[in-house]
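Here the structure is laid out as structure tokens; the discussion comes afterwards.
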Amino acid sequence: MAISKDKKNTLVADLTSLLSDSKMVVYAKYQGLTVAELEDLRKAAREAGVKIKIVKNRLVKVAMKEIAAYKDTETDGLTGQLLYALGTDEDFDAAKVLTKFAKTHDKMELVGGFNAEGASLSTEEVKTLGSLPTKNELIAQVVDTLLSGINGIVSGLENKPETVEAKPAEAATEPAEASEAAEPATETKEEATA
């Protein structure tokens, strides 16, 4: 069924707005996925702050021409039935959502993407970006690394008083034993002279 010109203009305006606000756009072939699987993808994307759009590639190309950053972007990969993931919150959210989904759904085939500056991304680049840890995961790793050194010092200090206390007690008993052992030796010398 054909879309009216007004509807196309509205779709292009919406796409232009979404593309302008996006930090990354990733596109993938979705042919063969069930409606339930697409709904699962949309739910996962929504939770990550990513919008999923299924629109004609020609309309996406028209919207890209209206944005200065995307005017010179390579669009040869925009062929066939494609699904677009548009990430507006974090830089790699769109790549993360589709990469994770593609790992569990063989029919999802990542094709490529482009970043906010209009640079085209290959399939491998999208997969690599999708496998990177998030900003919060990186912060947690740095904090964990910093705390591990502090925890080691604290643990060492907690154990140190026990060893310090044990050593003086041992040292105190050792000289007493040594003096007791020395006294009989002197008595034997005295007995020998007497």
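Laid out as a table, the results:
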read-out: Conditions (1) within 33 Å of the chain's Cα centre (by Cα); (2) more than 23 Å from Thr79 (Cβ to Cβ); number of the one not met by Lys29; value: (2)
read-out: Matching residues, region 97-117, being more than 12 Å from Tyr27 (Cα to Cα) and either among the charged types (D, E, K, R) or not in a helix (DSSP H, G or I) (or both); value: Lys100, Lys103, His105, Asp106, Lys107, Ala116, Glu117
read-out: Number of the condition not met by Gly80 [criteria: (1) at negative phi; (2) not in a helix (DSSP H, G or I); (3) not hydroxyl-bearing (Ser, Thr, Tyr)]; value: (1)
read-out: Any hit, region 28-49, residues being polar (S, T, N, Q), outside any loop (DSSP other than H, G, I, E, B) and out of contact with any strand residue (DSSP E or B) (no Cβ under 9 Å at 6 or more places or on another chain); value: no
read-out: Candidate set: region 83-96, residues that are among the aliphatic types (A, V, I, L, M) and in a helix (DSSP H, G or I); chosen: the one farthest from Val60 (Cα to Cα); value: Ala95
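Every read-out reported here was derived from the displayed coordinates using simple, explicitly stated rules and does not represent laboratory data. For clarity, every value in this text was computed on a predicted model and none was experimentally measured. Glycine gets a Cβ as well: all are built from the backbone with ideal geometry, and neighbour counts include every protein chain shown.
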